[in-house]
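Report on the structure given below.
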Amino acid sequence: MLSSCRVLDLTDDRGDLAGHLLAQLGAEVIAVEPPEGSASRRLGPFAGDRPDPEGSLRHWAYNRGKRSLRLDRCDLAALVATADVVIESGAIAVDLEAWRAADPGLITVSISAFGSDGPKAAWAADDLTIAAACGQAVLTGDADRAPLRISEPQAFLHAGADAAVAVLAALAERERSGLGQHLDVSAQQSFMAATQFHMLAAAVGAPMGRRLSGGQRIGPYELRFVYRTLDGHVSILFLFGDMIGRFTQRLMAWVHEAGYCSDELAAQDYVSFFEELFSGRLDPSVLADATSAVAAFTDRKSTRLN
């Protein structure tokens, strides 16, 4: 798909995924690293459990398909002159404006925590602070304790994925206009849109979610996501709407088939379920009944697949 495209990847762990995805689509991706190597080389886990910049499994995973050069052993300006796309995340000093002035068809991408301008542009940030800033952390953990974080850093992975998609759109535009453009990707914005995107809807009056042990509270409604089994617990995203409601519909059909819910609960429209609740057309007890039915169902199941 991108076999005629050359991408200059000047990122570190904050942008590795963008270049990797473009490489998987056929682009020639040249990763330029500082003399000491990319920061991602120092991130574990490591092959053989021995810290080694040549053995970082994290670096391997997100840099497959790229050709790597050291900054002090290459002519960066010459490489930029041959590139279709330049991606950076603050790991190497760049002059994107000058590069675009020299080549109007060049597409440049900046990946940062809060975007290149605005009140938080210069703020220090890592995955934990971004998770908190985008609202994800407020929903994880027990309601009466401090919030928790998800186990694997995710914010800059979402930013990298968004950057790759933005590059595809910019390349398509360049086919029509012949012009490149600058793409400014905020990890906070990417992570917010990818996870708890309903936080963005607060501006139009949507109820804010609140932390609830093993689930989430939206307005007066409690959504349960963790259920006990015969030998442990299982997480079930018991949600509704166009994206997830059809899965919930199939879950309830299975619960009904096993004899744990009524015909009426199985026949309920779980795509429009929350809309019906908030409008008052559906009694709140239906949500409690559905949750209880799922709990009774999982209570007789094993977490092991056998």
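With respect to TYR260, determine if the residue is of a type in the set (Phe, Trp, Tyr), within 20 Å of ILE218 (Cα to Cα), touching a helix residue (DSSP H, G or I) at 6+ places or on another chain (Cβ under 7 Å) and modelled with pLDDT of 90 or more.
Against the criterion (of a type in the set (Phe, Trp, Tyr), within 20 Å of ILE218 (Cα to Cα), touching a helix residue (DSSP H, G or I) at 6+ places or on another chain (Cβ under 7 Å) and modelled with pLDDT of 90 or more), TYR260 does not qualify.
Tell me, yes or no, whether the stretch 35-44 has at least one residue that is open to solvent by less than 40 Å² (accessible area, probe 1.4 Å) and in contact (Cβ under 8 Å) with a residue 40 or more places away in the chain.
Yes, because at least one residue in the stretch 35-44 is open to solvent by less than 40 Å² (accessible area, probe 1.4 Å) and in contact (Cβ under 8 Å) with a residue 40 or more places away in the chain.
Tally time: how many residues in the stretch 221-271 are more than 28 Å from the chain's Cα centre (by Cα), of a type outside the set (A, V, I, L, M) and in a loop (DSSP other than H, G, I, E, B)?
7
Any idea which of ALA18, ALA78, ALA93, ALA23 is in a helix (DSSP H, G or I) and free of Cβ contacts under 8 Å to residues at least 40 places away in the same chain?
ALA78
Can you pull out the helices (runs of 4 or more DSSP H) entirely within the stretch 122-203 that have at least 3 residues that are in contact with a Ser or Thr (Cβ under 8 Å, 6 or more places away or on another chain)?
The helices (runs of 4 or more DSSP H) meeting that bar are 155-177.
Being at pLDDT below 95 and among the β-branched types (Val, Ile, Thr) narrows it down to one residue among VAL138, VAL86; which is it?
Unique residue meeting the criteria: VAL138.
Of all residues being open to solvent by less than 20 Å² (accessible area, probe 1.4 Å) and in contact with a Ser or Thr (Cβ under 9 Å, 6 or more places away or on another chain) in the stretch 45-70, which is farthest from VAL109 (Cα to Cα)? Just the residue, please.
Taking the candidates together, the pick is SER56.
The values are calculated or read from the model by the stated rules, or taken from the named source; none is laboratory data. Values in this document were obtained by computation on a predicted structure and should not be read as measured data. Methodologically, a virtual Cβ is constructed for each residue, glycine included, from the backbone with ideal geometry; neighbour enumeration extends over all protein chains shown. What goes into the accessible areas is simple: the full protein's heavy atoms, side chains included, and nothing from ligands, DNA or RNA. Shrake-Rupley method; radii C 1.70, N 1.55, O 1.52, S 1.80 Å.
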